[in-house]
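The structure appears below as structure tokens.
The values are calculated or read from the model by the stated rules, or taken from the named source; none is laboratory data. Everything numeric in this text was worked out from a predicted model, so none of it was measured. Cβ sites come from the backbone with ideal geometry, for glycine too, and all protein chains shown count toward neighbours.
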Amino acid sequence: MAEEFEVTLRICSEEPEGVFRSILMTRSIGSYELVYRERFSIHDQYFDTPEGTLAATGYALRIRTEGKRRTLGLKGNERVNEWGGIERTEIEGPWSRESAARIFEIIKAIPFVEEDFDQADPVKTLTGLGLEVIQSRETERTLLDVVSADAKGRPLIGVMSLDRVCYEACKKSFFHYEIEVEAEEGTDHVYLGGFVESLKDAFPGDLCRWDHNKLITGRALEVLIEQGALSPASQTRGHIPEAWYDAIESWIRQNRCCPEK
């Protein structure tokens with residue numbers, strides 16, 4: 001089981017697509033270089049019991065599909081420090097009987113019956129354990145390596161993910177734009193903090209700290225629309241309106257229990 005450390009920023013602009021594209025094209029910020037790595041699409045499905053057993057115990061269980069590759073992941077024990085760095089425990093592996101057995105040994109609250117494992121159908125396997133899909137979303141992700149001339153002996157300090165996230169609610173698509181910067185293993189977190197501050201300075205007013213994972217962000221959006229607190233009719237440009245985020249964050253702070261990214 002690994003520990004990951006990252007910082008998440010949300011694009012907080014009335015024109016988030018434009019800011020997103022500007023950052024995508026940027027290759028130098030202060031003393032840091034950004035080196036393009038790859039772009040790909042992700043389909044994530046999250047599972048819990050109807051009673052919310054996993055969320056109540058601080059876990060998020062996910063099937064991730066990237067092309068033909070499928071993985072099973074579990075995250076938990078999320079902590080946010082004073083400047084926005086997020087630390088969490090993570091275990092992830094290919095969709096296999098061994099990965100499932102390992103993860104459900106940690107969960108404990110849900111018995112795993114190995115005989116019911118279906119290599120070809122993860123959803124069938126997990127629903128057979130009494131779980132249900134609580135969120136399904138699509139993300140277009142671009143990865144860039146963050147390289148620092150000041151990091152002694154370890155110029156690669158982390159990886160920046162630019163994520164265009166598509167949520168479905170009330171039969172409409174809502175795009176959410178965020179940037180995750182994850183520290184390279186063994187890198188002093190001070191370098192990561194320095195890069196994040198340089199990034200915010202390079203795009204003043206367009207980036208803000210977002211301490212909330214994608215799972216609970218989407219859940220807040222869905223619930224608030226269902227309750228009528230947010231009106232889909234006011235969303236005409238494809239993305240989540242900037243004015244909605246205060247309500248989304250308020251709901252999250254009252255209901256936060258999901259430790260995923």
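Couple of notes before you dig in:
To keep it simple, each residue is scored yes or no on (1) polar (S, T, N, Q); (2) in contact with a strand residue (DSSP E or B) (Cβ under 8 Å, 6 or more places away or on another chain); (3) at pLDDT 90 or above; (4) farther than 19 Å from ASP44 by Cβ.
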| position | (1), (2), (3), (4) |
| --- | --- |
| GLU92 | no, yes, yes, no |
| ALA109 | no, no, no, yes |
| GLU114 | no, no, no, yes |
| ASP118 | no, no, yes, yes |
| GLN135 | yes, yes, yes, no |
| THR142 | yes, yes, yes, no |
| ASP150 | no, no, no, yes |
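- The residue that is nearest to HIS176 (Cα to Cα), among those in segment 224-237 that are part of a loop (DSSP other than H, G, I, E, B) and small (Gly, Ala, Ser), is SER231.
- If you go through segment 86-132 and keep only what is in contact with an Asp or Glu (Cβ under 7 Å, 6 or more places away or on another chain) and of a type in the set (Gly, Ala, Ser), you end up with ALA101, GLY128.
- Within segment 131-151, the set of residues being under 22 Å from GLU114 (Cβ atoms) and either polar (S, T, N, Q) or surrounded by 14 or more Cβ atoms within 10 Å (Cβ to Cβ) (or both) comprises just one member, LEU131.
- Number of positions in segment 238-261 that are surrounded by 19 or more Cβ atoms within 10 Å (Cβ to Cβ), at pLDDT below 70 and either assigned to a helix (DSSP H, G or I) or touching a helix residue (DSSP H, G or I) at 6+ places or on another chain (Cβ under 8 Å) (or both): 3
- Residues that are over 14 Å from GLU15 (Cα atoms), hydroxyl-bearing (Ser, Thr, Tyr) and out of contact with any strand residue (DSSP E or B) (no Cβ under 9 Å at 6 or more places or on another chain) within segment 197-244 comprise SER231, SER234, listed in sequence order.
- Filter result for ARG21 (loosely packed, with under 15 Cβ neighbours inside 10 Å and either touching a residue at least 40 places away in the same chain (Cβ under 8 Å) or more than 15 Å from the chain's Cα centre (by Cα) (or both)): yes
- Top-ranked residue of segment 199-223 - restricted to ones that are assigned to a loop (DSSP other than H, G, I, E, B) and hydrophobic (A, V, I, L, M, F, W, C), ranked as farthest from ILE240 (Cα to Cα): PHE203
- Test: residue in segment 158-169 that is more than 30 Å from PRO50 (Cβ to Cβ), of a type in the set (Val, Ile, Thr) and either part of a strand (DSSP E or B) or without any contact (Cβ under 8 Å) to a residue 12 or more places away in the chain (or both): yes
- Test set (1) modelled with pLDDT under 85; (2) buried (at least 17 other Cβ atoms within 10 Å of the Cβ) - ARG64 fails condition number: (1)
- Some residue of segment 220-237 being modelled with pLDDT of 95 or more, closer than 26 Å to LEU72 by Cβ and crowded, with 21+ Cβ neighbours inside 10 Å: yes
- Within the span defined as segment 189-199, every residue fails to be aliphatic (A, V, I, L, M), in contact with an Asp or Glu (Cβ under 7 Å, 6 or more places away or on another chain) and more than 20 Å from ARG64 (Cβ to Cβ).
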